[in-house]
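In what follows, a structure is listed as structure tokens, so that the remarks can point back to it.
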């Protein structure tokens with residue numbers, strides 16, 4: 001069974017609606033554009049974030065990374081997880097904001113340099129590639145794989161734990177960093193993970209050194225693909241090999257026959273991104289609307305003050321409407 005899917009503040013889902021966006025764009029409602037008192041501390045340093053061990057061991061920690069409402073399954077024809085809706089905590093059903101309204105509330109509270117950085121990152125993000133780490137034992141490797149995904153514009157990552165009794169070795173020196181900006185989904189079952197990924201339109205490519213493995217140089221990475229890397233010692237599980245759509249390998253020129261798992265993840269993602277750029281001219285493939293939604297998502301994740309600022313904005317909106 002799936003242990004935890006990345007979730008939104010509310011599990012309620014809303015259809016995309018141009019009318020809600022036009023509500024903001026047409027300025028039919030004038031809202032005072034101001035920051036709450038909490039905004040004054042928006043740029044102050046955050047407390048030390050939790051270790052990756054704590055993040056992946058506490059489903060709520062992963063869930064709380066996701067702010068905008070999530071789409072229901074299935075996702076077709078192209079996967080993008082978010083709706084253009086943010087439901088505030090402890091608010092009425094009417095207190096739902098569009099991404100435009102979220103940005104309207106938060107932009108004055110985030111530095112211009114930070115917003116430009118968010119915009120640049122979002123434009124180079126894609127859900128057409130995702131990374132799956134299956135049964136890794138070392139949080140250092142998990143962290144390194146996550147950093148590679150973030151650095152290369154791969155927004156979606158999945159963690160499959162194959163040992164319910166001892167999921168990971170303790171590594172308290174690895175702090176959450178790149179993970180703050182990724183969509184992380186946790187699974188107890190490889191089968192359930194792959195089933196969901198296939199329903200989202202991904203082909204499953206497992207790394208393997210067998211005779212049937214295809215060189216990564218011979219694959220078309222413009223197709224939506226989930227790249228799977230396995231355990232540091234055992235490699236990919238037999239179940240993953242059986243359920244995957246193809247096996248791929250990194251050509252080796254030395255005496256060893258494999259890379260460290262986090263190095264392999266970085267090489268695979270880098271090659272896939274470069275191949276996509278050579279075929280399509282770019283890696284980032286989000287629409288203008290999707291970029292705006294993800295920009296709102298990043299702004300909400302900026303620090304803990306952002307949620308209270310948006311909730312204050314939503315409260316004033318509700319008061320005006322009533």
* Structure fact -> Taking region 226-242 and keeping residues in contact with a helix residue (DSSP H, G or I) (Cβ under 9 Å, 6 or more places away or on another chain) and either at positive phi or buried (at least 18 other Cβ atoms within 10 Å of the Cβ) (or both) leaves 226, 227, 228, 229, 230, 231, 235, 237, 240
* Asked: In region 44-154, which helices (runs of 4 or more DSSP H) lie fully inside it and hold 1 or more residues that are at pLDDT 95 or above?
  -> 99-106, 112-123, 139-151
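To keep it simple, each residue is scored yes or no on (1) surrounded by fewer than 20 Cβ atoms within 10 Å (Cβ to Cβ); (2) in a helix (DSSP H, G or I).
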| position | (1), (2) |
| --- | --- |
| 283 | no, no |
| 289 | yes, yes |
| 294 | no, yes |
| 298 | no, yes |
| 320 | yes, yes |
* **Boolean, residue 275 is surrounded by fewer than 19 Cβ atoms within 10 Å (Cβ to Cβ), under 22 Å from residue 96 (Cβ atoms) and touching a helix residue (DSSP H, G or I) at 6+ places or on another chain (Cβ under 9 Å)** => no
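The values are calculated or read from the model by the stated rules, or taken from the named source; none is laboratory data. Remember, it's a predicted structure, so these values are computed and weren't measured experimentally. Counting neighbours? That spans all protein chains shown, and the Cβs are built from the backbone with ideal geometry, glycine included.
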